[in-house]
Amino acid sequence: MKIYIDYVLKNLAAPTFFITFSLVCVVWLTQSLRFIDLIINQGLPVTDFLKLILLLLPSLFGLVMPIAILCSSIFTYNKLNNESEILVLKAAGVSRWGIARPCVILAGFVTIMGYAISIYFLPVSYREFKDTQYYFRDNYASLMLEEGIFNAPLPGLTVYVSKREDQSTLKGIMIHDNRTPTKPVSMVAESATVERGPSGLRFKMFNASRQIVDRETGEVNLLYFDSYPFDMNFYTGTAEKDRVRKSDEMYVNELLEPAPGLDKKLRNKQIADGHNRLVWPLYNFALPLMVLAIMLSGDYNRRGQTKRIITAVIFAITLMALGFAFKNLAANGKVFTIILMYMPSTLTILASLYVLVIGKNPFAKKIGLYAGDEVKH
């Protein structure tokens, strides 16, 4: 490998890693805050909490890598330009494509990583993430009940817990079920344990009373029990084995070939998500190439490249916005837009390669630079 390629590549790799790591940490922190209450106030083991939030990392890396390499390529090549290193390379006979090669190498590597995440690591990690959520839901259901407040898991249902001794033992339970307004039910128990019953998890309430009021007749029925089971399906909901997996949990082939009999709207969304999995990693290659095509072509200006940087950023935002817009159109049933989903990235790659490899500058003969770039003082 030529010395200058190794040099530029090192200058590119460091900010790419730093920006990626920084963005992932910021987004990861905001996502983790959703679960922090489980460990601080509700007793979820630290190891389980860490496992849950670590499973979010692949999806975050896949999301931020195109933005990171875009910022890195702008920062690095602008720095090389300001220090006249690009000018020296051009004077030494290095073409625009030669100067761009280090970024192309890094972009190719990041694109491969993006496809590895999109095709394999994302569905594997997110599927495990959702399975872990259901595991916590089924095995730590009592954690969802906060002490000393009236919990409302469903409209018309109120659950009060005076104290939680551990993950499965509760003290001072009150449940008011008003989901059938004509016959509200109130239950009070001295204590309760969470156990698995025939239809899923349930409270086993001890020293309990059950009161039913018939609002039409005004009759009140009051019963006392040494123990009384109460179903907890209001928290656990559908069994994990019966739930419908989300798009992020599915492999690309599963998305592109939805199960027979699937709702048309959901079918269109899955197909659009499947194609988006194939399109998004391309931005890891398209965006830095677009930056290089803009920053390395045209006149050399010692006063900086602010206008070119702004242009590159605007182009990048526009490309990603078009990608999201075409994806939404495809998800709404406009199948022809699936082809359009691939156009922003592929056309950008082709146009950028043309400028970097074939494109010529009319000022080449004036000053004798290889790439034909005029120097403006």
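Taken together, the values in this text are just the output of simple stated rules run on the coordinates, not laboratory data. What you are looking at is a predicted structure, and each value in this text was computed from that prediction instead of being measured. Every residue, glycine as well, gets a Cβ built from its backbone with ideal geometry; the counts of neighbours run over all protein chains shown.
Note on residue 146 and residue 109: the model spin-label points, each 7 Å out from Cα along the C-beta direction, lie 4.7 nm apart. Quick one: if the Förster radius is 51 Å, what FRET efficiency do residue 221 and residue 165 give, using the C-beta to C-beta distance and rounding to 0.05? Computed FRET efficiency for residue 221 and residue 165 comes out at 0.95.
Which FRET efficiency, nearest 0.05, do residue 158 and residue 36 yield, Cβ-Cβ r, R0 25 Å? According to the calculation, E is roughly 0.50.
Mean separation of Cα pairs under 8 Å and 6 or more residues apart, divided by the residue count, gives region 145-233 a relative contact order of 19 percent. Modelled label positions at residue 25 and residue 256, each set 7 Å beyond Cα in the direction of Cβ, lie 3.8 nm from each other. The convex hull defined by the C-alpha atoms of region 145-233 has an orientation-averaged projected area of 5.7 nm². The slack in the chain from residue 231 to residue 131, taken as 0.36 nm per residue of separation less the alpha-carbon distance, amounts to 33.8 nm.
If r is the Cβ-Cβ distance from residue 244 to residue 7 and R0 is 51 Å, what FRET efficiency results, to the nearest 0.05? After rounding, the FRET efficiency stands at 0.50. Take the Cα of residue 263, step 7 Å toward its Cβ, do the same at residue 182, and the gap between the two points is 3.0 nm.
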